[in-house]
Amino acid sequence: MPSGRIHSVLFFGIYSKGAAYPRSKNQIQALRRQGVKVLEAHVELDGSFKKRFRTTRSITAALGFAMKLAASYVALSWRFLKTPAVDAVIVGHPGYFHIHLARLLRFLIRRRLLLIYDAFIPLHEALVEDRGLFPPGSLFSRLLHAFEASCLRIADICLVDTDAHQRYLSQEFDLHPGKIKVVRVGATIPSLYPEPAPTRIERDFKVVFAGTLIPLQGVDVILEAAYLLREHAQIAFCVVGSGQLEKAMRELAAHRGLSRVTFTGWLPTDRLGDMLRSHHLSLGIFGTTPKAGRVIPSKIYDICAAGMAFVSADTPAMREVFTHLENAFLVPAGSPRDLADAILRLKSDHELRSRLAEGAFQAGRVVFSQPRIALQVLSAFTKGCDDAPPAHA
């Protein structure tokens, strides 16, 4: 493996690109701004998780995806072999299908380079533990677990987004903790705002949730909190997004008679920051799945970039960065009553809301900044050269 500073990197795979996918985009931009030469061997393959998952619903779709996958192996192999010598290869998220290919290509060219696997969204955790798409202990879930273990073990270094995820992967897959490095995600929206959102004092109080409607988000908790606040006619909720549970959440809101809850569907990324700042309070996640306790969700990075006060579940991952009543209002996961009480308090306590907005804004500018992300990636490289165990560990 190379030693010392990393000067050049190849991003490899079908990693998600575009404004709505900040993980690889922020890493690439951050490294380039630090003077690292970043090359790309990329193939677009059904860009979103939703599109990829649809391929499991019919034989025709699965065969079509398999053909595209085979074509991506050929295209990526050719681009890898044509690439000038680099110090490291990062198989970007989602890299499940291509980390083995990258390992094989490294073996074939006999080149000393570091192989990095971005395990940003662990596959077994997402499909089995969180979304419940496959029963725990089923044949498919066991095969999925074994497949993911192989992805993690053949890489020199694995990247995750939180310390909580680092502990999870180490324990769940029996990996050496030194092999797993934390790199924060960063915001989807650019840092456009010179100061936090102003703390407006108005009769109506607008609360916004923006995100994918999946179990870890706890949108049902938000709707139950809205029901508890139904007598407070000046409080309105806006749910922005779509996903697995959208139909169920719309039905729950209708069943509860929540006339002050509006569902808007998905919003283009370039409008997200201004939309958040047009509200008085933002909401994070409130789900009780194991994964919910291990993530700092993408919406939190965007809320911080927009300089908004927010309420979210008090979890180990959130406590890595946030402190209750300093830069976040943290409540027990899965508790509509605690969420409702937090909303009422922040509606009336303008000074606290202003302080939380300033604290979140500073977290976005410092902890989640691109220079910090670049340092985290570079640190993973250097530590990987020095102290990572062998790839089979």
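Annotation note: Cβ proximity below 6 Å between a residue of the stretch 296-308 that is over 9 Å from GLY186 (Cα atoms) and a residue that is part of a helix (DSSP H, G or I) and basic (Lys, Arg) (sequence gap 6+ or interchain) occurs for ALA306/ARG277.
Among residues of the stretch 138-166 being open to solvent by 30 Å² or more (accessible area, probe 1.4 Å) and touching a residue at least 60 places away in the same chain (Cβ under 8 Å), the one that is nearest to HIS100 (Cα to Cα) is ILE154. Across the stretch 253-298, the qualifying residues are those that are under 18 Å from VAL240 (Cβ atoms) and among the charged types (D, E, K, R), and the one among them that is surrounded by the most Cβ atoms within 10 Å (Cβ to Cβ) is ARG277.
Here SER312 fulfils each of the conditions (1) among the small types (Gly, Ala, Ser); (2) more than 18 Å from the chain's Cα centre (by Cα); (3) open to solvent by less than 10 Å² (accessible area, probe 1.4 Å) apart from (2). The condition of being out of contact with any helix residue (DSSP H, G or I) (no Cβ under 6 Å at 6 or more places or on another chain) and at positive phi holds for only one of LEU330, LEU325, that being LEU325. Screening GLY35 on (1) under 22 Å from the mean Cα position of the chain (by Cα); (2) modelled with pLDDT of 85 or more; (3) open to solvent by 30 Å² or more (accessible area, probe 1.4 Å); (4) on the phi > 0 side of the Ramachandran plot shows it passes everything except condition (1).
Annotation note: of ARG79, ARG112, ARG131, the sole residue that is open to solvent by 30 Å² or more (accessible area, probe 1.4 Å), within 22 Å of SER379 (Cα to Cα) and either of a type outside the set (A, V, I, L, M) or at pLDDT 90 or above (or both) is ARG112.
If the condition is being out of contact with any strand residue (DSSP E or B) (no Cβ under 9 Å at 6 or more places or on another chain), part of a helix (DSSP H, G or I) and hydrophobic (A, V, I, L, M, F, W, C), then the stretch 206-231 contributes LEU216, LEU228.
Is at least one residue of the stretch 183-204 open to solvent by 10 Å² or more (accessible area, probe 1.4 Å) and not in a loop (DSSP other than H, G, I, E, B)? Within the stretch 183-204 (the criterion being open to solvent by 10 Å² or more (accessible area, probe 1.4 Å) and not in a loop (DSSP other than H, G, I, E, B)), the answer is no, since none of the residues qualifies. If you take the residues in the stretch 238-252 that are closer than 19 Å to ALA126 by Cβ and not hydrophobic (A, V, I, L, M, F, W, C), which one is least open to solvent (accessible area, probe 1.4 Å)? Checked the stretch 238-252; the qualifying residue least open to solvent (accessible area, probe 1.4 Å) is GLY241. Annotation: VAL89 fulfils all but one of (1) touching a helix residue (DSSP H, G or I) at 6+ places or on another chain (Cβ under 7 Å); (2) modelled with pLDDT of 90 or more; (3) open to solvent by 80 Å² or more (accessible area, probe 1.4 Å); (4) of a type in the set (Val, Ile, Thr); the unmet one is (3).
The values are calculated or read from the model by the stated rules, or taken from the named source; none is laboratory data. Predicted model, so just to flag it, every value in this text is computed and none were measured. Here the Cβ is made from the backbone with ideal geometry for all residues, glycine too, and neighbour counts use every protein chain on show. Areas reflect the complete protein model, heavy atoms only, side chains present, ligands, DNA and RNA absent. Shrake-Rupley method; radii C 1.70, N 1.55, O 1.52, S 1.80 Å.
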